[in-house]
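Heads up, the thing below is written out as structure tokens.
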């Protein structure tokens, strides 16, 4: 029996992981009552009793939890931003390369990717790895997400009966062009500078699309839409949860993968401009699903268990 402790299990991501764990017969959840949920000694005891620990906490609290985990046998999977660019932590996107998968399989410290970052990196990492785009390419990224990505406070705001009418419209944020996912976008893709990133939060619960437009004339290898699609198919060949697809309707909805751990990649455009798109569930492959997948790999299990 695998013993699992979710530190921060009352948050959006934590609750999703709890639900996934409850469906499994091979997992025993270690839980703390409300009185001890924030007690350091009780949390430390739970961490050291577990085989796998999920940190669904704010960044500073996640760093404190890692200190509590010193000397523990558990695989620690951090869903916060705290360790995504930290040395000694595996970046938990196993489909990116054989070395990423090997790192997840062998590490006791795994940083779960951000939701927007998962979409961007799924599109840009292959461009750099296959020398299609230079590391200094002027990448831009546009994305829309369901409101569950805003956490409990944001969910309550969107689901309130008397909410502000501005929430009926897509809302652009990160107007300073700063966002907590940018450091991992840049580092994992080995870019010389971060992309310009324009994220929108929208009036639907779950789902996300992330888009990276390209000028074909600025690429190191000026591949056509069809040729670039083949590169992505080869790169993600055999991946269980990343698929290269085509959207024949002319529209790309953001909410069609709710409840799944799938990430779909689309290559479209024309002879001069190419549009790369990724679609995923911001709470699935963008959060709880990816975390459970990483746990499965780290413990030597079928990566698709409970996904």
*State all residues of region 30-48 that are within 16 Å of residue 295 (Cα to Cα) and at pLDDT 95 or above; if no residue qualifies, say none.*
47
*From the list 41, 99, 80, which residue is surrounded by fewer than 13 Cβ atoms within 10 Å (Cβ to Cβ) and within 30 Å of residue 239 (Cβ to Cβ)?*
99
*Pick out the one residue from 172, 177, 167 that is farther than 30 Å from residue 299 by Cα and either assigned by TED's automatic domain parsing to the domain that holds residue 92 or modelled with pLDDT under 95 (or both).*
167
*Take residue 125 and decide whether it is assigned to a helix (DSSP H, G or I), farther than 20 Å from residue 290 by Cβ and in contact with a helix residue (DSSP H, G or I) (Cβ under 6 Å, 6 or more places away or on another chain).*
no
_Top-ranked residue in region 226-271 [being touching a residue at least 60 places away in the same chain (Cβ under 8 Å) and more than 22 Å from residue 284 (Cα to Cα); ranked as surrounded by the fewest Cβ atoms within 10 Å (Cβ to Cβ)]_ = 231
*asked:* I'd like the full set of residues that are in contact (Cβ under 8 Å) with a residue 24 or more places away in the chain, assigned to a loop (DSSP other than H, G, I, E, B) and in contact with a strand residue (DSSP E or B) (Cβ under 8 Å, 6 or more places away or on another chain), limited to region 86-109.
replied: 86, 92, 107, 108
_I'd like the residue in region 20-38 that is touching a residue at least 40 places away in the same chain (Cβ under 8 Å) and part of a helix (DSSP H, G or I) and, out of all such residues, is surrounded by the most Cβ atoms within 10 Å (Cβ to Cβ)._
21
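To keep it simple, each residue is scored yes or no on (1) under 19 Å from the mean Cα position of the chain (by Cα); (2) at pLDDT below 95.
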position	(1), (2)
3	no, no
8	yes, yes
12	yes, yes
16	yes, yes
21	yes, yes
25	no, yes
*asked:* Cβ-Cβ under 7 Å, sequence separation 6+ or interchain: first residue in region 127-155 and on the phi > 0 side of the Ramachandran plot, partner part of a helix (DSSP H, G or I) and surrounded by 14 or more Cβ atoms within 10 Å (Cβ to Cβ). Which pairs?
replied: 151/12
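The values are calculated or read from the model by the stated rules, or taken from the named source; none is laboratory data. This structure is a prediction, so every number in the text was calculated from the model and none was measured. All Cβ positions, glycine included, derive from the backbone under ideal geometry; neighbour counts span all protein chains shown.
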